[in-house]
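Read through the structure below, which is laid out as structure tokens, and then see the notes.
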Amino acid sequence: MLSDLSWRALHPLINQTIADMLNEQQTVDVRSLRSRLHQLAETESDELMVLCYWQASKVLQRLPATVSGEQLMQAARHAFRSPLNHELD
């Protein structure tokens, strides 16, 4: 099950969450995105999806409050290639 938690699973999940927030005319920053991911995890019944939401939120935890989309995607890719306690370059 945990092997399914990859960049391929999180990339569309993060992108869709951002798109949904923009469609709802909400401010999208790291804090609001993490908050939305937590809300989605709380209402999800599929355990794998709950893990995906929490992992996506964990990736965002390493970022400053305001980042570009490119920085966001780079951080998420980096998270799957290094230990959780490794700093971003």
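Could you check the spin-label model distance between residue 35 and residue 11? Points 7 Å from the Cα along Cα→Cβ, value in nm.
2.9 nm
With every protein chain in place, what's the accessible area of residue 50 (1.4 Å probe, Å², nearest 10)?
Number for this one is 40 Å².
Using a 1.4 Å probe on the protein heavy atoms only, what accessible surface does residue 27 show? Give it in Å² to the nearest 10.
100 Å²
The values are calculated or read from the model by the stated rules, or taken from the named source; none is laboratory data. No experiment lies behind these values; they were computed from the predicted model shown. Ideal geometry is used to build each Cβ from the backbone, glycine not excepted, and the neighbour counts take in all protein chains shown. Only protein heavy atoms, including side chains, enter the accessible area calculation; ligands, DNA and RNA are left aside. Shrake-Rupley method; radii C 1.70, N 1.55, O 1.52, S 1.80 Å.
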